[in-house]
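Let me begin by presenting the structure, written as structure tokens, before commenting on it.
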Amino acid sequence: MTLAFYAPLKAPTHPVPSGDRAMARALTAALEMAGYTVSLASGLRLYDGAGDAAHQDIILAKAETEIARLCAAPEAQQWRAWVTYHNYYKAPDLIGPRVAHALNIPYFQVESTRARKRLTGPWARFAAAAEAASDAAHAIFFLTHRDAETLRRDAPDGPPTR
């Protein structure tokens with residue numbers, strides 16, 4: 001089974017070492033060891049570290065272009081699910097939910113966070129996008145108890161709308 005893999009903060013192929021790159025690499029390796037074929041869907045970085053509205057506009061435009069490209073890509077027909085690593089308010093997954101929906105495949109997140117306090121201020125638009133991506137997920141896999149508590153506490157009331 002082929003999985004589309006995406007890390008909006010930093011792709012596993014990014015040239016600059018970091019903990020996020022290492023985790024993305026480890027996650028893809030774990031999925032491959034479990035028998036999945038992992039296809040890096042995109043290397044587009046969606047990170048805004050400053051809360052800059054103009055930079056967010058550029059990122060949003062790039063995401064729209066990437067969504068169109070991925071939906072039309074021949075390899076997308078092989079994907080059976082989409083896995084996003086590390087969706088959060090500074091690097092929301094603007095791509096995965098839309099591509100997964102267009103391809104009618106499940107959308108999963110690993111190490112997603114919710115930050116309700118960021119829904120106002122310079123990252124409000126990105127925080128809302130991260131929340132929407134989490135809401136779209138069929139499942140969110142968390143790594144710590146603290147993450148689980150926050151994900152549950154800040155999840156929308158009621159069952160997911162699908």
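The values are calculated or read from the model by the stated rules, or taken from the named source; none is laboratory data. Quantities reported herein were computed from a predicted structural model and do not represent experimental measurements. Here the Cβ is made from the backbone with ideal geometry for all residues, glycine too, and neighbour counts use every protein chain on show.
Here are the numbers:
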{"read-out": "Any chance LEU60 is part of a loop (DSSP other than H, G, I, E, B), surrounded by 14 or more Cβ atoms within 10 Å (Cβ to Cβ), within 16 Å of the chain's Cα centre (by Cα) and not polar (S, T, N, Q)", "value": "no"}
{"read-out": "Residues of segment 71-99 classified as more than 11 Å from the chain's Cα centre (by Cα) and of a type in the set (Gly, Ala, Ser), total", "value": "4"}
{"read-out": "Close pairs (7 angstrom Cβ cut-off, 6 or more residues apart or separate chains): touching a residue at least 40 places away in the same chain (Cβ under 8 Å) in segment 129-154, surrounded by 15 or more Cβ atoms within 10 Å (Cβ to Cβ) and charged (D, E, K, R) anywhere", "value": "ALA133/ASP93; SER134/ARG114; ASP154/ARG114"}
{"read-out": "Inter-residue pairs, beta-carbon under 9 Å, first in contact (Cβ under 8 Å) with a residue 24 or more places away in the chain and assigned to a loop (DSSP other than H, G, I, E, B) and in segment 2-19, second of a type outside the set (Lys, Arg) and surrounded by fewer than 12 Cβ atoms within 10 Å (Cβ to Cβ), 6+ apart", "value": "LEU9/SER18; LYS10/VAL16; LYS10/SER18"}
{"read-out": "Leading residue by the ranking (nearest to the chain's Cα centre (by Cα)) among those in segment 109-124 that are surrounded by 19 or more Cβ atoms within 10 Å (Cβ to Cβ) and outside any loop (DSSP other than H, G, I, E, B)", "value": "GLN109"}
{"read-out": "Residue match in segment 65-82 (condition: in contact with a Leu (Cβ under 7 Å, 6 or more places away or on another chain), at pLDDT 95 or above, assigned to a helix (DSSP H, G or I) and closer than 16 Å to ARG45 by Cα)", "value": "yes"}
{"read-out": "Enumeration of residues in segment 103-137 that are more than 27 Å from HIS55 (Cα to Cα) and either of a type in the set (A, V, I, L, M) or modelled with pLDDT under 95 (or both)", "value": "LEU103, ILE105"}
{"read-out": "Leading residue by the ranking (farthest from ARG80 (Cα to Cα)) among those in segment 24-68 that are among the polar types (S, T, N, Q) and out of contact with any Pro (no Cβ under 8 Å at 6 or more places or on another chain)", "value": "GLN56"}
{"read-out": "Some residue of segment 14-22 being among the β-branched types (Val, Ile, Thr) and either within 22 Å of ARG118 (Cβ to Cβ) or more than 16 Å from the chain's Cα centre (by Cα) (or both)", "value": "yes"}
{"read-out": "Residues of segment 67-85 satisfying the condition of being closer than 21 Å to PHE126 by Cβ and surrounded by fewer than 23 Cβ atoms within 10 Å (Cβ to Cβ)", "value": "ILE67, ALA68"}
